[in-house]
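Enquirer: Take a look at this one; I'll ask things after.
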Amino acid sequence: MLLKIGIIFALCLTALSSGERVRYDNYRVYKLNASNNEELALLKRMEDTSDSLLFLDGIHRVNRAVKVVVAPHKLHDFLLILDTNKIEYELVEQNLQTALDKDYEQIETRATTSRRWTSYQTLSNTYSWLVSLANSHAANATLIEGGKSYEKRSILGIKISIQNGKKQKPGIFLEAGIHAREWIAPATATYIINELLTSTDEQIKELAENYDWYIFPHANPDGYMYTHSTDRMWRKTRQPYDTCFGADPNRNWNASWNSVGASSNPCSDTFAGSAANSEIEVLSLSNYIDSLKNKIKLYISFHSFSQYLLYPYGNTSALPDNVKDYEQVYNATTKAIGNRYGTVYTGGNIYDAIYPAAGSSVDYAYVNAGIRMAFCFELRPNGAFNGNGMELPAEQIIPTAEETLDGIVAMVNEVKSLGYFD
Ligand code: 0X9
Ligand code: ZN
């Protein structure tokens with residue numbers, strides 16, 4: 001028995017001490033374009049069957065480029081298949097590891113920093129900052145917890161409710177970082193938290209003063225930690241599933257769960273989980289949202305990349321009954337985003353604008369939580385950007401966050417003018 005414990009302990013130590021990062025030396029990133037349905041179907045089969053290809057975009061439409069990471073040992077056959085089938089491709093990254101090395105250099109490890117939005121933060125830095133912010137703005141901000149992750153980390157958030165005598169303010173819910181590798185999403189969320197509490201800009205003060213904000217920068221803390229410690233390209237949660245780890249927390253919500261655009265294979269990056277809410281992060285966040293029933297009037301989810309603004313549904317091409325309002329808010333928001341730096345957003349309903357994706361947070365908010373306005377931002381960079389899409393240079397955090405906040409100002413005003421906050 002003792003020996004057995006000893007062996008298990010030794011195994012654990014090996015697992016811990018082998019805490020090296022996954023390397024992607026000589027992995028290439030290609031942009032592919034299927035120009036007819038046969039080519040599209042072939043790409044889908046490639047995605048479903050190959051462990052050596054990591055598709056960074058969902059495959060949905062002809063003539064819509066998708067990015068894919070190709071393992072070096074797969075390269076020869078991969079290119080042969082593309083050539084044989086006359087599928088267009090373009091090399092956008094020669095060696096993924098070079099880009100990842102740059103990413104890791106941009107993580108701020110010091111606890112106190114003046115570089116909060118000119119570098120990417122560790123989870124613990126962001127959490128300590130949230131705690132100190134709540135302390136220094138005790139009258140207007142409180143820490144909130146959207147439950148614990150599979151690895152027992154807190155899903156820490158902040159409620160901002162400026163004490164100005166106004167009662168019954170409409171609630172706005174913002175969730176970021178549900179996909180682990182989309183680092184710009186939590187960075188943008190923390191920038192917005194800071195602006196809401198400290199800005200002297202009239203428009204932002206108005207936003208802060210007239211609404212109750214519930215903001216969770218890290219909806220998937222285990223996954224985020226894992227992208228720092230082990231695998232930069234990790235997307236899912238970290239709950240083990242037999243032969244593989246994690247489910248896609250943006251396919252795990254209890255809204256047309258696993259009906260389309262999701263996988264039942266635990267090794268897939270879009271694995272829907274073993275059941276709706278099988279991921280404790282999703283279960284506890286949806287419970288949290290349910291507990292705010294009728295308070296939340298606007299739901300916002302931050303992802304990257306592609307510069308899309310999206311609204312329901314992800315599971316069907318049917319349009320929401322208030323699609324006219326969605327279009328109006330979409331137009332105002334994307335226009336405002338572009339005003340500052342000329343950043344171009346496109347989008348629409350999830351299913352048509354990008355690809356079918358059932359069980360996402362936005363659909364849950366709209367369908368099950370009765371939140372009539374629910375949007376997903378796919379932040380910078382755009383899809384045409386030559387790279388893997390995750391490696392947004394840290395000097396772009398502030399411009400990204402600024403234009404996104406411009407968009408949110410316009411969004412809130414438009415949603416207000418349509419009467420959703422009454
Ligand atoms: O596939 C997804 O979950 C999202 N795209 S991503 O590249 N960030 O993975 C899009 C799904 C629509 N977004 C939300 N419903 N939040
Ligand atoms: Zn995402």
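The values are calculated or read from the model by the stated rules, or taken from the named source; none is laboratory data. Being a predicted model, the structure only gives us computed values, none of them experimental. Methodologically, a virtual Cβ is constructed for each residue, glycine included, from the backbone with ideal geometry; neighbour enumeration extends over all protein chains shown.
Enquirer: Kindly evaluate His179 against the criterion of being assigned by TED's automatic domain parsing to the domain that holds Glu403 and crowded, with 18+ Cβ neighbours inside 10 Å.
Expert: Details: assigned by TED's automatic domain parsing to the domain that holds Glu403: yes; crowded, with 18+ Cβ neighbours inside 10 Å: yes.
Yes, satisfied.
Enquirer: A further question on this structure: Check segment 403-410 and report whether any residue there is more than 14 Å from the chain's Cα centre (by Cα), under 17 Å from Asn254 (Cα atoms) and either not assigned by TED's automatic domain parsing to the domain that holds Leu54 or not in a helix (DSSP H, G or I) (or both).
Expert: no
Enquirer: Right, next: Please work out if Thr190 is away from ligand 2 (no atom under 16 Å from the Cβ) and without any contact (Cβ under 8 Å) to a residue 40 or more places away in the chain.
Expert: For Thr190, the condition - away from ligand 2 (no atom under 16 Å from the Cβ) and without any contact (Cβ under 8 Å) to a residue 40 or more places away in the chain - is not met.
Enquirer: Can you pull out the residues in segment 126-143 that are part of a strand (DSSP E or B) and surrounded by fewer than 18 Cβ atoms within 10 Å (Cβ to Cβ)?
Expert: Passing the criteria: Thr142, Leu143.
Enquirer: Can you tell me which residues in segment 238-251 are closer than 14 Å to Ser284 by Cβ and within 13 Å of ligand 2 (Cβ to nearest atom)?
Expert: In the first step, residues of segment 238-251 are kept if they are closer than 14 Å to Ser284 by Cβ; the result is 239, 249.
Hit for segment 238-251 is Pro249, nothing else.
Enquirer: Those residues that are surrounded by 20 or more Cβ atoms within 10 Å (Cβ to Cβ) and farther than 27 Å from Ser52 by Cα, I need them from segment 237-256; list them, please.
Expert: Those that are surrounded by 20 or more Cβ atoms within 10 Å (Cβ to Cβ) and farther than 27 Å from Ser52 by Cα: Trp253, Ala255, Ser256.
Enquirer: With the requirement that a residue be more than 16 Å from ligand 2 (Cβ to nearest atom) and either surrounded by 20 or more Cβ atoms within 10 Å (Cβ to Cβ) or in a helix (DSSP H, G or I) (or both), what does segment 224-236 give you?
Expert: Met225, His228, Ser229
Enquirer: Turning to a different aspect of this structure: Can you tell me which residue within segment 281-297, out of those that are surrounded by fewer than 19 Cβ atoms within 10 Å (Cβ to Cβ) and of a type in the set (A, V, I, L, M, F, W, C), is farthest from ligand 2 (Cβ to nearest atom)?
Expert: Leu292
Enquirer: Give segment 158-189 a look and list any residue that's within 14 Å of ligand 1 (Cβ to nearest atom), within 17 Å of Lys293 (Cβ to Cβ) and either part of a loop (DSSP other than H, G, I, E, B) or touching an Asp or Glu at 6+ places or on another chain (Cβ under 6 Å) (or both), or say none.
Expert: Scanning segment 158-189 gives no hits.
Enquirer: Moving on. Applying the selection to segment 392-422, what residues are buried (at least 21 other Cβ atoms within 10 Å of the Cβ) and of a type outside the set (A, V, I, L, M, F, W, C)?
Expert: Hits for segment 392-422 are Thr400, Glu403, Thr404, Asp406, Gly407.
Enquirer: If you don't mind, another one. With the condition being free of Cβ contacts under 8 Å to residues at least 60 places away in the same chain and under 25 Å from Val260 (Cβ atoms), I'd like the strands (runs of 3 or more DSSP E) fully within segment 29-125 carrying at least 1 qualifying residues.
Expert: 53-55, 66-70
Enquirer: Restricting attention to segment 262-311, and to residues there that are of a type in the set (Phe, Trp, Tyr) and within 17 Å of the chain's Cα centre (by Cα), which single residue is nearest to Ala176 (Cα to Cα)?
Expert: Phe302
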